[in-house]
Amino acid sequence: MIERAAVRALLPTLVFFGLVWPVWSAETTQSDESTADHSKFEALQQEFASGPEVTKACLTCHTEASKQLHKTTHWTWAFDNPVNGQELGKKNVINNFCVATATNWPRCTSCHIGYGWKDDSFDLTSEEAVDCLVCHDTTGSYKKYPTGAGHPAYEDKTFPPNNPKGKMFKKVDLKKVAQSVGKTSRATCGACHFYGGGGDGVKHGHLDSSMKNPDKNLDVHMDKDGLNFTCTTCHTTGSHEVAGSRYLTKAVDRRGIVIPGRSDVRASCESCHGMAPHESDDKLNDHTDKVACESCHIPQFARGGRKTKMWWDWSTAGKKNAKGKPLVTKDADGYDVYHGKKGDFVWEENVVPEYYWFDGNMRYTLLGETIDDTSVVQINSFGGGPDDANSRIWPFKVMRGKQPYDKVEKILAIPHLFGKDEAAFWKSFDWDKALEAGLMARGVKYSGQHGFVETEYYWPVTHMVAPKDQSVACNECHSNNGRLENLRGFYLPGRDEFPLISRIGWWLVLLTLLGVLGHALIRIFFWIRER
Amino acid sequence: MSRELVFSRFERFWHWAQALLVIFMMLTGFEVHGSYTLLGYEQASDLHRTLAWVLIGLWILAIFWHFTTGEWRQYLPTTQNLMAVVKYYTVGIFHAGVEHPFKKTRRAKHNPLQRLAYLFLKLAINPLLWITGLLYLFYNDWPALGLGGLSLGPVAGIHLVGAYAMLVFVIAHVYMSAFTAHPAFAYLKGMITGYEEVED
């Protein structure tokens with residue numbers, strides 16, 4: 001009887017937690033703060049045949065949205081560095097992944113926030129060509145087709161096309177996606193930023209698909225069961241401009257904690273935590289002038305179970321298998337370590353960053369700049385040092401590899417990779433044709449002779465912030481052969497010696513010991529003799 | 001000759017607390033310097049800093065005590081009898097029956113050699129460690145203190161010089177005070193109980 005009474009008493013509780021709670025909590029956690037329900041909007045009560053049609057509908061209410069986006073790097077892929085005057089951005093820089101965007105537009109622009117950037121004729125002033133959905137989709141069903149120049153699949157098709165073994169891209173339900181729009185999320189930002197360099201985790205190493213729903217160990221702020229930050233919690237937006245830039249990094253942010261009246265732009269750690277964030281230990285706060293937060297709080301990158309590419313050697317590309325198709329070799333975990341189209345790769349996970357003094361001012365080796373082909377070419381370089389108050393020790397992923405260059409002109413070369421024409425490297429595997437076409441697209445004449453030069457590309461590591469108990473321990477830097485072994489020009493306690501002082505010091509200590517020992521022995525000797 | 005209280009309760013407390021602190025500061029300090037790994041850098045530097053503040057507190061008390069009691073006069077240097085004491089420690093001590101030339105009184109409890117050694121500790125080694133140590137502690141405030149021209153390397157280097165000097169002092173002091181007395185351990189006993197045989 002008692003048991004039955006207990007069950008009867010517990011039943012409502014069980015029902016509540018079993019049935020009501022999940023629904024209720026889901027509703028409260030996903031509560032939409034928006035005052036608008038897009039499914040009720042008249043402009044969206046229609047079938048859309050293409051992305052630009054959706055944008056047209058969006059613009060009937062959000063009249064200024066496209067004009068705002070046209071000013072952003074997300075749209076222009078161009079960035080004028082105000083510090084050193086360099087013209088940067090995806091449109092201009094050369095990297096050591098797929099090298100450059102020129103001539104490869106339809107493939108590259110599957111990560112452009114627009115529709116139709118398939119060649120140089122793309123109209124950067126078109127308002128309807130802005131892709132609202134790729135950032136504001138909440139259904140997870142909107143995906144740009146990899147070679148669609150920014151368009152999603154309007155019919156069911158695989159990638160690679162007409163390949164039954166390829167990945168299926170379903171026809172997107174534009175009406176449903178448009179009616180469900182909302183704020184950006186880790187998933188929408190990640191749709192491009194997790195896959196930079198042509199695949200999951202390839203480029204950054206601290207941004208990959210594991211960051212879509214990370215746990216606390218992977219990222220203490222984005223922890224899905226904890227703080228659950230989205231990208232824009234830190235990368236604050238206004239007029240569609242997103243805070244935080246790799247091209248113009250604040251190596252140290254002394255603006256103070258961001259509060260209304262001071263600023264509404266975050267992105268740096270200090271904009272929330274300030275310059276004295278360690279409550280229990282002043283000595284740790286003493287580090288913030290010289291050591292970036294990331295240096296200690298991101299002990300390793302590529303920690304989420306995805307490897308990142310650390311080495312890409314283009315010089316070996318072109319090998320074919322018995323069937324005449326590009327040869328592909330995979331490692332035990334299924335990662336390509338050789339691909340006939342691209343060359344040799346080295347993948348790593350749980351990578352300890354390299355550390356350098358960094359002043360935030362990235363200088364790129366741009367197209368046409370003379371390089372020294374007898375040494376390793378720096379794709380980007382930066383200033384900073386122990387005596388520069390505006391620089392700090394930062395962690396970097398250093399992407400290394402070998403890439404084509406013009407042997408006569410001594411400039412980095414641009415391969416035309418993607419396309420159905422004979423010049424495309426991935427079609428005919430002829431470097432000279434590919435480089436001629438690639439350079440031509442940027443108005444540079446190819447000498448006809450190519451080589452491969454080793455390059456390094458420095459990526460400041462800023463994501464995958466670990467919980468504090470997993471941050472880099474003191475002795476990992478304050479020791480011999482520690483993380484900062486190669487950073488010189490300043491005194492680092494625990495690492496640096498004063499050889500002369502120590503030699504004299506230990507000799508004096510030893511002589512003193514021998515002195516008192518000798519004195520004692522002589523006393524014992526006389527004591528025995530005189531007894 | 002009579003048995004008198006030579007080392008007051010505070011002086012004994014000060015001496016032994018300082019001894020412990022100095023030993024642990026040397027242990028942790030040489031680890032922070034990178035001479036060996038014992039506690040790990042973080043624990044070693046934390047402990048070194050904590051002990052530094054305790055030692056500074058103790059020194060403030062001790063300085064106050066020395067001046068209020070007038071005991072500071074015990075360290076005034078003198079050459080009187082100095083050579084005789086040096087000779088005793090280098091020759092006389094080896095032979096039975098040779099007495100220590102210095103006769104301890106309540107007002108002069110340290111022999112001339114001790115006076116010099118302790119004065120050197122108090123006026124050279126300790127201040128060297130204290131000044132460079134405090135600079136080291138407040139490294140981040142140098143610009144605000146108008147010391148922006150300093151750099152950490154030399155400060156750490158001089159601190160290290162002080163540390164070696166301290167280690168040399170400790171070795172010599174332990175030997176002299178614990179193992180050279182007649183009867184054996186008389187000095188050590190005096191430093192523990194406070195009572196020693198002194199001339200009237």
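Within the group B:Pro154, B:Pro127, B:Pro183, which residue is within 13 Å of another protein chain (Cβ to nearest Cβ) and surrounded by fewer than 14 Cβ atoms within 10 Å (Cβ to Cβ)?
On the way: B:Pro127 fails: within 13 Å of another protein chain (Cβ to nearest Cβ); B:Pro183 fails: within 13 Å of another protein chain (Cβ to nearest Cβ).
Answer to the selection: B:Pro154.
Hey, could you check region A:80-120 for residues that are among the small types (Gly, Ala, Ser) and out of contact with any Pro (no Cβ under 6 Å at 6 or more places or on another chain) and say which is nearest to A:Leu367 (Cα to Cα)? Please lay out each step first, then the result.
Let us first name the residues in region A:80-120 that are among the small types (Gly, Ala, Ser), namely A:85, A:89, A:100, A:102, A:110, A:114, A:116.
Then keep just the ones that are out of contact with any Pro (no Cβ under 6 Å at 6 or more places or on another chain); that gives A:85, A:89, A:100, A:102, A:114, A:116.
Numbers: A:Gly85: 15, A:Gly89: 13, A:Ala100: 10, A:Ala102: 11, A:Gly114: 25, A:Gly116: 25 Å.
Within region A:80-120, the match that is nearest to A:Leu367 (Cα to Cα) is A:Ala100.
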ask   = Right, A:Leu513: surrounded by 13 or more Cβ atoms within 10 Å (Cβ to Cβ) and more than 9 Å from chain B (Cβ to nearest Cβ) or not?
value = no
task = Scan the helices (runs of 4 or more DSSP H) fully inside region A:141-255 and keep the ones with 2 or more residues being closer than 30 Å to A:Asp469 by Cβ.
result = A:186-193, A:231-234
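In region A:37-90, how many residues are outside any helix (DSSP H, G or I) and among the aliphatic types (A, V, I, L, M)? It would help to see each step written out before you state the result.
From region A:37-90, those outside any helix (DSSP H, G or I) are A:37, A:41, A:45-50, A:62-64, A:71-72, A:77-90; that's our starting set.
Those left that are additionally among the aliphatic types (A, V, I, L, M): A:49, A:78, A:83, A:88.
Qualifying residue count, region A:37-90: 4.
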ask   = Going by the conditions given, is B:Ala44 modelled with pLDDT under 90 and on the phi < 0 side of the Ramachandran plot?
value = no
inquiry  = A:Lys330 - would you say it is more than 25 Å from the chain's Cα centre (by Cα), farther than 30 Å from A:Ala276 by Cα and of a type in the set (D, E, K, R)?
reply    = no
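Confirm whether A:Cys234 is within 16 Å of the chain's Cα centre (by Cα) and either free of Cβ contacts under 8 Å to residues at least 40 places away in the same chain or not assigned by TED's automatic domain parsing to the domain that holds A:Ser428 (or both). So that I can check it myself, show each step before the final result.
Working: within 16 Å of the chain's Cα centre (by Cα): yes; either free of Cβ contacts under 8 Å to residues at least 40 places away in the same chain or not assigned by TED's automatic domain parsing to the domain that holds A:Ser428 (or both): yes.
Yes.
Looking at B:Thr79, is it over 16 Å from the mean Cα position of the chain (by Cα) and modelled with pLDDT of 90 or more? Working first, answer last.
Values: over 16 Å from the mean Cα position of the chain (by Cα): yes; modelled with pLDDT of 90 or more: no.
The answer is no for B:Thr79.
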Residue among B:Leu160, B:Leu152 that is of a type outside the set (Val, Ile, Thr) and touching a Pro at 6+ places or on another chain (Cβ under 9 Å) = B:Leu152
ask   = Can you find even one residue in region B:186-199 that is within 14 Å of chain A (Cβ to nearest Cβ), surrounded by 14 or more Cβ atoms within 10 Å (Cβ to Cβ) and assigned to a helix (DSSP H, G or I)?
value = no
The one condition in (1) within 14 Å of chain B (Cβ to nearest Cβ); (2) in contact with a Gly (Cβ under 9 Å, 6 or more places away or on another chain) that A:Trp347 fails to fulfil = (1)
message = Criterion first (assigned to a helix (DSSP H, G or I) and either buried (at least 19 other Cβ atoms within 10 Å of the Cβ) or within 13 Å of chain B (Cβ to nearest Cβ) (or both)) does A:Arg523 satisfy it?
response = yes
note = Sole miss for B:Val85 among (1) touching a Leu at 6+ places or on another chain (Cβ under 6 Å); (2) not in a helix (DSSP H, G or I) is condition (2)
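Here is a yes/no grid of residues against (1) surrounded by fewer than 12 Cβ atoms within 10 Å (Cβ to Cβ); (2) within 21 Å of B:Phe169 (Cβ to Cβ); (3) within 14 Å of chain A (Cβ to nearest Cβ):
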| residue | (1), (2), (3) |
| --- | --- |
| B:Leu76 | yes, yes, no |
| B:Leu82 | no, yes, no |
| B:Thr90 | yes, yes, yes |
| B:Ile93 | no, yes, yes |
| B:Pro112 | no, yes, no |
| B:Lys122 | no, yes, no |
ask   = Has region A:417-424 got at least one residue that is within 27 Å of the chain's Cα centre (by Cα), among the aliphatic types (A, V, I, L, M) and outside any loop (DSSP other than H, G, I, E, B)?
value = no
ask   = Out of the residues in region A:467-500 that are assigned to a loop (DSSP other than H, G, I, E, B) and of a type in the set (A, V, I, L, M), which is farthest from the other protein chains (Cβ to nearest Cβ)?
value = A:Leu487
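Determine whether region A:330-341 contains at least one residue that is within 14 Å of chain B (Cβ to nearest Cβ) and either buried (at least 19 other Cβ atoms within 10 Å of the Cβ) or in a loop (DSSP other than H, G, I, E, B) (or both). Let's see the steps before the verdict.
Start the filter on region A:330-341 by keeping residues that are within 14 Å of chain B (Cβ to nearest Cβ), which leaves none.
No, region A:330-341 contains no residue that is within 14 Å of chain B (Cβ to nearest Cβ) and either buried (at least 19 other Cβ atoms within 10 Å of the Cβ) or in a loop (DSSP other than H, G, I, E, B) (or both).
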ask   = How many of the residues in region A:435-466 are of a type outside the set (Gly, Ala, Ser), in contact with a Pro (Cβ under 9 Å, 6 or more places away or on another chain) and in a strand (DSSP E or B)?
value = 4
message = Condition check: more than 10 Å from chain A (Cβ to nearest Cβ) and in contact with a Pro (Cβ under 7 Å, 6 or more places away or on another chain). Does B:Leu116 satisfy that?
response = yes
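Could you tell me whether B:Thr132 is within 11 Å of chain A (Cβ to nearest Cβ), under 26 Å from A:Leu508 (Cα atoms) and surrounded by 14 or more Cβ atoms within 10 Å (Cβ to Cβ)? Full working, then the answer.
Values: within 11 Å of chain A (Cβ to nearest Cβ): no; under 26 Å from A:Leu508 (Cα atoms): yes; surrounded by 14 or more Cβ atoms within 10 Å (Cβ to Cβ): yes.
Spelling it out, it is not the case that B:Thr132 is within 11 Å of chain A (Cβ to nearest Cβ), under 26 Å from A:Leu508 (Cα atoms) and surrounded by 14 or more Cβ atoms within 10 Å (Cβ to Cβ).
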inquiry  = Checking the structure you have, find out if any residue of region A:349-370 is more than 28 Å from A:Asp80 (Cα to Cα) and in a strand (DSSP E or B).
reply    = yes
ask   = Does region B:29-47 include one or more residues that are among the hydrophobic types (A, V, I, L, M, F, W, C), loosely packed, with under 13 Cβ neighbours inside 10 Å and under 30 Å from A:Ile522 (Cα atoms)?
value = no
message = If I ask for residues that are in a helix (DSSP H, G or I) and of a type in the set (D, E, K, R), which ones from region A:425-434 would you list?
response = A:Lys427, A:Asp432, A:Lys433
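Go over the candidates B:Ala178, B:Ala144 one by one and state the one that is more than 8 Å from chain A (Cβ to nearest Cβ) and assigned to a loop (DSSP other than H, G, I, E, B).
Details: B:Ala178 fails: assigned to a loop (DSSP other than H, G, I, E, B).
Every option except B:Ala144 fails the conditions.
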task = Output the number of residues of region A:392-436 satisfying the condition of being touching a strand residue (DSSP E or B) at 6+ places or on another chain (Cβ under 9 Å) and of a type in the set (S, T, N, Q).
result = 1
query = Which condition number does A:Gln449 fail, the rest of (1) more than 13 Å from chain B (Cβ to nearest Cβ); (2) touching a strand residue (DSSP E or B) at 6+ places or on another chain (Cβ under 8 Å); (3) in contact (Cβ under 8 Å) with a residue 60 or more places away in the chain being met?
reply = (3)
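Which one is surrounded by the most Cβ atoms within 10 Å (Cβ to Cβ), of the residues in region A:265-308 that are among the aliphatic types (A, V, I, L, M) and more than 14 Å from chain B (Cβ to nearest Cβ)?
Just the residues of region A:265-308 that are among the aliphatic types (A, V, I, L, M), to begin with: A:265, A:267, A:275-276, A:284, A:291-292, A:298, A:302.
Keeping just the survivors that are more than 14 Å from chain B (Cβ to nearest Cβ) gives A:265, A:267, A:292, A:298, A:302.
Details: A:Val265: 17, A:Ala267: 20, A:Ala292: 28, A:Ile298: 24, A:Ala302: 25.
Ranking the candidates gives A:Ala292 first.
The values are calculated or read from the model by the stated rules, or taken from the named source; none is laboratory data. Keep in mind that this is a model prediction, so the values were computed, not measured. Neighbour counts run over all protein chains shown; Cβ positions are idealised from the backbone, glycine included.
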